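One structure is given below, encoded as structure tokens.
The values are calculated or read from the model by the stated rules, or taken from the named source; none is laboratory data. Remember, it's a predicted structure, so these values are computed and weren't measured experimentally. Note that we place each Cβ from the backbone using ideal geometry, even for glycine, and neighbour counts take in every protein chain shown.
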Amino acid sequence: MGFLCKKSEAGLAVILILVIVLFFFGWLIDIGQRECRTNKDCGSEAYCGSDFSCHSFPTIQKTVIQNNFVFPSIIIGIAIVIAAIIFRWDKLRREETKKVEEHTANIKAPEEVEEISEPYYKTDNNIKTP
């Protein structure tokens, strides 16, 4: 006797079954109207989106920037050389003055020379002048 239902419960069961059938048919219609299910359903230039329609791949432009570092490296190299000269300036000046002092120490003072009684140019007595 448990299989027998009251009329109000039977009506409620019929309405519930109709709602379930309507949802099922709506789901089938939704699946039928989809343009794609996977990327294979679209062409090679498109993909299947989450809205189940084919979308073309976006074009991404890649900008290549080439930097030329020759001139900055030359400037930095010159700056390093100048900095090295500045830091060693006092030592270079001391070495230079030391060289000058050594050079002047090696120079002898001029000596007195005897007077020469003979003329610088020798004259030949055999030459007659008119």
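Only one of these is exposed (fewer than 10 other Cβ atoms within 10 Å of the Cβ) and either in contact with a helix residue (DSSP H, G or I) (Cβ under 7 Å, 6 or more places away or on another chain) or not in a strand (DSSP E or B) (or both): 58, 72. Name it.
Only one candidate passes the filter, namely 58.
Return the residues of the range 21-48 that are within 23 Å of residue 60 (Cβ to Cβ) and in contact (Cβ under 8 Å) with a residue 12 or more places away in the chain; say none if nothing qualifies.
Within the range 21-48, 36, 42, 45, 48 meet the criteria.
For the range 14-36, give me each residue that is part of a loop (DSSP other than H, G, I, E, B) and at pLDDT below 80.
Once the filter is applied, which keeps residues that are part of a loop (DSSP other than H, G, I, E, B) and at pLDDT below 80, the range 14-36 yields 33, 34, 35.
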